[in-house]
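One structure is given here, and the rest of the page talks about it.
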Amino acid sequence: MKPFLYLFTALSFLLVGCAEPDEPYTPSKPDIILSLGDAVCDASSVTLTISASGKDLDMFNRWGVTYSESSDKKGGRGLKSTGVPSDGTNEIVINGLKDNTTYYIWGWAYTKSDDQVWTEDHITATTAKKPDPKPAKLSGTVIGSRYSVDYTSGSQSTTVNVKNNVFDGNFDTYFASYDRSGTWVGLDLGSKHVITKIGYSPRITQSHRVELAMIEGANNPDFSDALPIHMIKQSAPERQMTYEQTNCSRGFRYVRYVSPNDVRCNLAELEFYGYEDEGDDSKLYQLTNLPTVVINTEGSQEIVSKEEELSSTVYIISEEGTNLLATTETGVRGRGNASWDQFPKKPYRLKFKSKQSPLGAPASAKKWTLISNYSDKSLMRNILAFEASRRIGQAYTPYCHPVDVIVNGEYRGCYQLCDQVEAAEGRVPAKDGYLIEIDAYAWKEVSAFWSWRGTPVTIKHPDEDDITDSQRQHIESFFNQMETAALGEDFTDPEKGYRKYLDLESFLRNLLVGDFCGNTDLLWSVYMYKDAKDGKLYAGPTWDHDLSFDNDYRSYPVNANNDFIFLFVPSPASDAVRDITRRIVKEDPEAKKLLAQYWNHALEEGDLKTLPEYLDQTYVLLQESQELNFKRWDILNSQVHMNFQALGTYEAEVNFLKNCVKERLVKFDEYVKNN
């Protein structure tokens, strides 16, 4: 047995000697501990150390930190260390931070095979608050309109009354531009500065000429990106500086004083105060409590055409200067008929490069309008009519909001930002159909026709470039059939009469709005749409109410009539339009019943009877803006357009309007009951 035992023992030793050697040590998780040292902060940077310990330090070749204003490290910004902490510690400096701000900071390291390890937790570091800047009086290169005027000869000059005079400290010298409007003077500061204060003094004997002047800042030398910094709202005393604090946080290299309209600057002295800084857009300047619309046209060209757009930068400043809609390459042109041809305060149309919803408007669209409301001295007749439309229950009422408007640095007045009436989503629901207008101005339009009964009709959609011959023939034929049926013997027959072609509910609601508001244009211009090729014509939306509520000498006093105003308006688009309206409203029993039903519902459940309270709210909203508007357009003592009176004050104009609305609610209710 012993030999066998010896053999077994020998084999055992042999097997042990042949065992495989141990595998090299490869940890499933690297043995390393990362930590961040205490941070040292100033107003724009944080300095800290990242430390590492553990036996696997040599596996790592990249180190750094991630920092963020929130505790979510995934959204943070990374900063790689400039070296490898071979001794276990490395210093990192994070620059370009905001002052007085808390940051969350994590440390990290990467292995050579791109495995990442994080610190177990973050540290927080709060940057110091910047010391309040010390504004100083600013200097720079004088810039401005090229030519001055030599009053002795009335000619252009570059030697007398020049722009440098406003910075010479002498109240007896002044800058008077050769052109009466669109002129300016300012400074190139050389770098961006936040303006904190302005000082100015008018030319002697011309103290009123600073009123409505605009102080603007820009970072393009042509002021194509100009924003308002301040507006001078009152006249100023002579031979002394008037100082006003400004409240605009953006930094500007170029600053200027823009002359009010028709006064040639006539400025004696101008000063700017501030400090060098990029600034930000946390607080921009609004002229009043209303949003401010700024239009800077290419080359500061005046808007003189309804057909040709000017490429422009357009800003809309709202929410007390904390919200900015900034657009470039926005097309701006004129719009309107009498308001464009006859009024000095021009209406405009904006076409943004991409769809926008300014001021939170319901529709997202490219096209928007700026209505001037020049002849309506309450500045709110259109606003009230649109609100009446909503309360009466029209399917679509255009959005509107009052705004202040600046064009190329010149204050233009209180306007109304509105939807463009167009077939589009969120607007007239006829994108795949037709939008037309019974339009007494159709003779001015390219895409228009006259019905068999002589009614002028403009085709708005499809537009003149897209409409086909078959589409034109269809809508013209359909309109003619509608008129023929409405004026025929069987006009009330559901199958043979007008209801085969015309939606009665929309027609009646649209009429209620126009007639209740006493709009003498309610048969001069009537929008209608057809939502599909085989659909009916719908009436609406309501539009153009500057003559409503007794603002037209031809129909004043509207409440003295004993029946609906559409029966008496002096200028329908055609006799057929009035005849059709009269037959439906006065001779169709079903229409008469529905008219009363819609009116009573609007009065009681649609809150139409509280329209005077809405008027009061709008009066308060417009108070600050109207003061500036009637300084720019001094018409409160003048009869303009169709006015039958001039009451002298804004308060008197609004009180007259309120009394008219209150009387109209009572009077119109009588018309409906007696119909």
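The values are calculated or read from the model by the stated rules, or taken from the named source; none is laboratory data. Nothing here was measured: the structure is a model prediction, and the numbers come from that model. Virtual Cβ from ideal backbone geometry, glycine too; neighbours counted across all protein chains shown. Side chains are part of the model used for accessible areas, which takes the heavy atoms of the whole protein and leaves out ligands, DNA and RNA. Shrake-Rupley method; radii C 1.70, N 1.55, O 1.52, S 1.80 Å.
One line per residue, one yes/no per condition, for (1) surrounded by 23 or more Cβ atoms within 10 Å (Cβ to Cβ); (2) among the hydroxyl-bearing types (Ser, Thr, Tyr); (3) at pLDDT below 95:
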{"position": "Asn510", "(1), (2), (3)": "yes, no, no"}
{"position": "Tyr538", "(1), (2), (3)": "yes, yes, no"}
{"position": "Ser555", "(1), (2), (3)": "no, yes, yes"}
{"position": "Ala596", "(1), (2), (3)": "no, no, no"}
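Restricting the search to region 367-390, which residues are part of a helix (DSSP H, G or I), of a type in the set (Lys, Arg) and either open to solvent by 10 Å² or more (accessible area, probe 1.4 Å) or touching a Pro at 6+ places or on another chain (Cβ under 7 Å) (or both)? Even if it seems obvious, please write down each step before you answer.
Within region 367-390, the subset part of a helix (DSSP H, G or I) is 381-390.
With of a type in the set (Lys, Arg) added as a condition, the list becomes 381, 390.
Arg390, the sole residue that qualifies.
I'd like to know if region 339-350 contains one or more residues that are in a strand (DSSP E or B), surrounded by fewer than 21 Cβ atoms within 10 Å (Cβ to Cβ) and aromatic (Phe, Trp, Tyr).
no
Which residue out of Leu603, Leu665, Leu647 is open to solvent by 50 Å² or more (accessible area, probe 1.4 Å) and either farther than 25 Å from Leu511 by Cβ or in contact (Cβ under 8 Å) with a residue 40 or more places away in the chain (or both)? Please lay out each step first, then the result.
On the way: Leu603 fails: open to solvent by 50 Å² or more (accessible area, probe 1.4 Å); Leu665 fails: open to solvent by 50 Å² or more (accessible area, probe 1.4 Å).
The match here is Leu647.
Select, from Gly488, Gly518, Gly497, the only residue that is surrounded by fewer than 19 Cβ atoms within 10 Å (Cβ to Cβ) and small (Gly, Ala, Ser).
On the way: Gly518 fails: surrounded by fewer than 19 Cβ atoms within 10 Å (Cβ to Cβ); Gly497 fails: surrounded by fewer than 19 Cβ atoms within 10 Å (Cβ to Cβ).
Of the residues listed, the single one that is surrounded by fewer than 19 Cβ atoms within 10 Å (Cβ to Cβ) and small (Gly, Ala, Ser) is Gly488.
Scan region 401-417 and give yes if some residue there is of a type outside the set (Val, Ile, Thr), touching a residue at least 12 places away in the same chain (Cβ under 8 Å), more than 30 Å from Val255 (Cβ to Cβ) and in contact with a His (Cβ under 9 Å, 6 or more places away or on another chain), otherwise no.
yes
Listed here are the residues, each with its yes/no results for (1) in contact with a Ser or Thr (Cβ under 8 Å, 6 or more places away or on another chain); (2) among the acidic types (Asp, Glu).
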| residue | (1), (2) |
| --- | --- |
| Tyr178 | yes, no |
| Val194 | yes, no |
| Gly199 | yes, no |
| Glu211 | yes, yes |
| Asn219 | no, no |
| Asp222 | yes, yes |
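Of everything in region 355-366, what is farther than 19 Å from Asn382 by Cα, surrounded by fewer than 18 Cβ atoms within 10 Å (Cβ to Cβ) and in contact (Cβ under 8 Å) with a residue 24 or more places away in the chain? Give them in sequence order.
Ser364
Here is a list: Lys662, Lys658. Which entry is touching a Leu at 6+ places or on another chain (Cβ under 6 Å) and either part of a loop (DSSP other than H, G, I, E, B) or charged (D, E, K, R) (or both)?
Lys658
For region 232-243, check the following and say yes or no: at least one residue is open to solvent by 40 Å² or more (accessible area, probe 1.4 Å), of a type in the set (Ser, Thr, Tyr), at pLDDT 95 or above and closer than 23 Å to Ala136 by Cα.
Yes, some residue in region 232-243 is open to solvent by 40 Å² or more (accessible area, probe 1.4 Å), of a type in the set (Ser, Thr, Tyr), at pLDDT 95 or above and closer than 23 Å to Ala136 by Cα.
Contact list please: Cβ distance under 6 Å, first residue in region 92-103 and at negative phi and modelled with pLDDT of 90 or more, second residue open to solvent by less than 50 Å² (accessible area, probe 1.4 Å) and of a type in the set (Asp, Glu), pairs at least six apart or on different chains.
Cβ pairs passing all conditions: none.
Report yes if Glu495 is without any contact (Cβ under 8 Å) to a residue 12 or more places away in the chain and either assigned to a loop (DSSP other than H, G, I, E, B) or under 35 Å from the mean Cα position of the chain (by Cα) (or both), otherwise no.
In short, yes.
Go through region 104-143 and give me each residue that's under 30 Å from Thr183 (Cβ atoms) and either modelled with pLDDT under 85 or not hydrophobic (A, V, I, L, M, F, W, C) (or both).
Pro135, Lys137, Ser139, Gly140, Thr141
Cβ contacts < 7 Å: first residue within 14 Å of Asp463 (Cβ to Cβ) and open to solvent by less than 10 Å² (accessible area, probe 1.4 Å), restricted to region 422-435; second residue assigned to a loop (DSSP other than H, G, I, E, B) and of a type in the set (A, V, I, L, M), any location; separation 6+ or different chain. Result?
Val428/Val421; Gly433/Ala532
If the Cβ limit is 6 Å and pairs must be 6+ apart or interchain, which residue in region 317-333 that is within 19 Å of Tyr285 (Cα to Cα) pairs with which residue that is part of a loop (DSSP other than H, G, I, E, B) and open to solvent by 50 Å² or more (accessible area, probe 1.4 Å)?
Once the first residue is within 19 Å of Tyr285 (Cα to Cα) and sits in region 317-333, its partners that are part of a loop (DSSP other than H, G, I, E, B) and open to solvent by 50 Å² or more (accessible area, probe 1.4 Å) give Gly321/Lys283; Leu324/Asp281.
Rundown of residues vs (1) of a type in the set (Phe, Trp, Tyr); (2) open to solvent by 40 Å² or more (accessible area, probe 1.4 Å); (3) under 30 Å from Thr328 (Cβ atoms), yes/no style:
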site: Thr152; (1), (2), (3): no, yes, no
site: Gly169; (1), (2), (3): no, yes, no
site: Ala176; (1), (2), (3): no, no, no
site: Leu189; (1), (2), (3): no, no, yes
site: Gln206; (1), (2), (3): no, no, no
site: Cys248; (1), (2), (3): no, no, yes
site: Arg256; (1), (2), (3): no, no, yes
site: Pro260; (1), (2), (3): no, no, yes
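For region 242-291, what are the residues that are part of a loop (DSSP other than H, G, I, E, B), in contact (Cβ under 8 Å) with a residue 60 or more places away in the chain and over 30 Å from Gln626 (Cβ atoms)?
Hits for region 242-291 are Asp277, Glu278.
Take residues that are touching a residue at least 40 places away in the same chain (Cβ under 8 Å) and within 19 Å of Asn261 (Cα to Cα) and tell me which of the strands (runs of 3 or more DSSP E) falling wholly in region 129-226 contain 2 or more.
184-202, 214-218
Pairs, please: C-beta under 7 Å, at least 6 apart or cross-chain, first residue touching a residue at least 40 places away in the same chain (Cβ under 8 Å) and in region 570-581, second open to solvent by 30 Å² or more (accessible area, probe 1.4 Å) and in a helix (DSSP H, G or I)?
Hits for this filter: Pro572/Arg578.
Identify, please: which residue in region 558-573 is part of a loop (DSSP other than H, G, I, E, B) and modelled with pLDDT of 95 or more and is, among those, least open to solvent (accessible area, probe 1.4 Å)?
Step by step, filter region 558-573, then rank; the result is Phe564.
Scan region 269-287 for residues that are among the small types (Gly, Ala, Ser) and either surrounded by fewer than 19 Cβ atoms within 10 Å (Cβ to Cβ) or in contact with a His (Cβ under 7 Å, 6 or more places away or on another chain) (or both) and jot them down. Step through it out loud before you land on a result.
Looking only at region 269-287, we keep the residues that are among the small types (Gly, Ala, Ser), and these are 274, 279, 282.
Of everything in region 269-287, those that are among the small types (Gly, Ala, Ser) and either surrounded by fewer than 19 Cβ atoms within 10 Å (Cβ to Cβ) or in contact with a His (Cβ under 7 Å, 6 or more places away or on another chain) (or both) turn out to be Gly274, Ser282.
So which of Tyr434, Tyr498 is under 24 Å from Leu567 (Cβ atoms), in contact with a helix residue (DSSP H, G or I) (Cβ under 7 Å, 6 or more places away or on another chain) and at pLDDT 95 or above?
Of the residues listed, the single one that is under 24 Å from Leu567 (Cβ atoms), in contact with a helix residue (DSSP H, G or I) (Cβ under 7 Å, 6 or more places away or on another chain) and at pLDDT 95 or above is Tyr498.
For Gly336, only one of the following conditions fails: (1) at negative phi; (2) crowded, with 18+ Cβ neighbours inside 10 Å; (3) in a loop (DSSP other than H, G, I, E, B); (4) without any contact (Cβ under 8 Å) to a residue 40 or more places away in the chain. What is its number?
Tallying (1) at negative phi; (2) crowded, with 18+ Cβ neighbours inside 10 Å; (3) in a loop (DSSP other than H, G, I, E, B); (4) without any contact (Cβ under 8 Å) to a residue 40 or more places away in the chain, Gly336 fails exactly one: (1).
What number goes with the only condition from (1) open to solvent by 50 Å² or more (accessible area, probe 1.4 Å); (2) more than 25 Å from Leu512 (Cα to Cα); (3) under 35 Å from the mean Cα position of the chain (by Cα) that Asp469 does not pass?
(3)
Asn266 passes all but one of (1) within 30 Å of Val428 (Cβ to Cβ); (2) touching a Lys or Arg at 6+ places or on another chain (Cβ under 6 Å); (3) crowded, with 19+ Cβ neighbours inside 10 Å; which number fails?
(1) is the only condition that Asn266 fails.
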